[in-house]
Amino acid sequence: MTRRIFWTFLALIAVLLVLAVVPLGLSMASNERASFRYGTENSARLVSSAAEELLGDQDSPAPMNRAIAAAAAQGDCAGVYGSAGILVDSTACRQASGAATRAMAGPVLAGAGLVEAQHGDWLVAAVPVGASGGIYGAVVFARSADSLNDQITARWGWLSLIGILALALGAALAVWLARWVSRPLAALGQAAGHLGEGSLDARAPADQGPQEVRELAGTFNRMAARTEALVHGHRAWVADVSHQLRTPLAALRLRLDLLTGDVDEIAAAELGGAQGEIARLSRLLDGLLAVARTEAAVPRPEPVRADRVASERVTAWDPVAAEREITLTAVPAGVVRAYLGHGELEQMLDNIVANALEAATDGGAVRIETSARSGRVSVRVTDNGPGMDQAAKDAALERFSRPGPHGNGLGLAIVSRLAAGNGGHLRLYDTPGGGLTVEIDLPAAPARHGSRKSLPVLNEF
């Protein structure tokens, strides 16, 4: 936008300067040429008036000689011709008495009046000697146009210099105007990007730029403040719920444990059932808190080595897999960098691997594969368990859809929410040969994003 505003404003100034300077320069040049022509004609008439005393009144030639000498002193050329077209006197230069200029005296002697011609850089004017009383001769006067051309060139030079200075001033003004408009918008865009990446305290300057931009920045700041208040309020609510619900459940479970040793077998069996329900309620509460955390979190994306995270999760879950005699492996695929919130790929893989280990048969295998293509990263967890039919796959991403003996049916729902919050999605499909493959599709890390500093993550409570 800065360049567009700058070049538009500069082009407008340039057009205005051309429309103003060029006509002014042409008008000044025309006036200079008219003044030069008038001065040449006037000087020719002065010589003609002095020559009339000799040719018309038969007086002394001294006035004519002085006029011719004055013309020569100024660098002009003059020639006086009699009524028969014979040269009477002239300056030393031949521009007014040569063959080309002598021909101009003929029409003047014939009564043509003033005759002008341009011979190279010389303006030649022929005027009659005498008037109503008769024509006694002709004066041919030549003046070099070098001074005129130099003067016109100097005028054009000054006009060009003024135009360049005006254009430079306009360029400076265009830069200032472009920055005045674009800088607040750029700051607003940067603040919006930081807010979208998880920095809830991001604000845009609301005291810069045009009034419309200031109003937009103020609206954005109010929206950001409201979003920050809602997110922090939700986090506080989750913390309160965790504290208020966990404590009574723990106290109730402890009371039941104490009662178990003081009752008969029938009552002990009933108490065991109650303890199982409390354990199920605790797992349900843990799932609700996990979902609330994922919904309250605003991830701050950063480059994450997906291949390295896969290897780390294999190491972390390997004891569980070994206990169930399941082979858990990570398929190496080189360096694969995803772009998502800190710690969220680990959370997604933990939920998926836990489900896969539960579904895999004894002596089975669970495999984690990572790959990158066309700006996307794919993380696939494959097992050889019983798999799912289409209805189960459709319901698996909904909350509490498939509660099991050791879970609450929220694992894949949490993974789907985390993937969507990071610009990705979750997909379930059958593994060739039997089993289920869970694929997480995520954006790849930008090529030059590694140098950016990450803001504090917001998905921890």
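The values are calculated or read from the model by the stated rules, or taken from the named source; none is laboratory data. In this text the structure is predicted, and so the values were computed from the model without any measurement. A quick note on method: Cβ atoms are made from the backbone with ideal geometry, for glycine too, and the neighbour counts reach across all protein chains shown. These accessible areas exclude ligands, DNA and RNA; they are computed on the full protein's heavy atoms, side chains included. Shrake-Rupley method; radii C 1.70, N 1.55, O 1.52, S 1.80 Å.
In the range 208-267, which residue that is at pLDDT 75 or above and outside any helix (DSSP H, G or I) is surrounded by the most Cβ atoms within 10 Å (Cβ to Cβ)?
Only one residue tops the list, namely G209.
Looking only at residues that are in a loop (DSSP other than H, G, I, E, B) and of a type in the set (S, T, Y) in the range 352-397, which one is least open to solvent (accessible area, probe 1.4 Å)?
Applying the filter and picking the extreme gives T361.
Does any residue in the range 350-369 that is over 9 Å from L328 (Cα atoms) come within less than 7 Å, Cβ to Cβ, of a residue that is among the β-branched types (V, I, T) and open to solvent by 40 Å² or more (accessible area, probe 1.4 Å) six or more places away or on a different chain, and which pairs are these?
Hits for this filter: E369/V331.
S35 - would you say it is open to solvent by 50 Å² or more (accessible area, probe 1.4 Å) and either over 14 Å from A142 (Cβ atoms) or in contact with a strand residue (DSSP E or B) (Cβ under 7 Å, 6 or more places away or on another chain) (or both)?
yes
For A71, indicate whether it is touching a residue at least 40 places away in the same chain (Cβ under 8 Å) and buried (at least 18 other Cβ atoms within 10 Å of the Cβ).
The answer is yes for A71.
Of the residues V175, V181, V140, which single one is in contact with a helix residue (DSSP H, G or I) (Cβ under 8 Å, 6 or more places away or on another chain), modelled with pLDDT of 85 or more, not hydroxyl-bearing (S, T, Y) and not in a loop (DSSP other than H, G, I, E, B)?
Every option except V140 fails the conditions.
Does the range 7-27 contain at least one residue that is open to solvent by less than 40 Å² (accessible area, probe 1.4 Å), touching a residue at least 40 places away in the same chain (Cβ under 8 Å) and in contact with a strand residue (DSSP E or B) (Cβ under 8 Å, 6 or more places away or on another chain)?
No: zero hits.
Quick one: would you say S43 is out of contact with any Gly (no Cβ under 9 Å at 6 or more places or on another chain), modelled with pLDDT of 85 or more and not aliphatic (A, V, I, L, M)?
The answer is yes for S43.
Please indicate, with yes or no, whether at least one residue in the range 157-179 is surrounded by 13 or more Cβ atoms within 10 Å (Cβ to Cβ) and at positive phi.
There is no residue in the range 157-179 that is surrounded by 13 or more Cβ atoms within 10 Å (Cβ to Cβ) and at positive phi.
Please find, within the range 74-128, the residue that is surrounded by the most Cβ atoms within 10 Å (Cβ to Cβ) out of those that are within 60 Å of the chain's Cα centre (by Cα) and assigned to a loop (DSSP other than H, G, I, E, B).
Filtering the range 74-128 for residues that are within 60 Å of the chain's Cα centre (by Cα) and assigned to a loop (DSSP other than H, G, I, E, B), the one surrounded by the most Cβ atoms within 10 Å (Cβ to Cβ) comes out as D121.
Of the numbered conditions (1) at pLDDT below 75; (2) open to solvent by less than 20 Å² (accessible area, probe 1.4 Å); (3) aliphatic (A, V, I, L, M); (4) under 22 Å from A354 (Cβ atoms), A296 satisfies every one except a single condition; which is it?
Answer for A296: the failing condition is (4).
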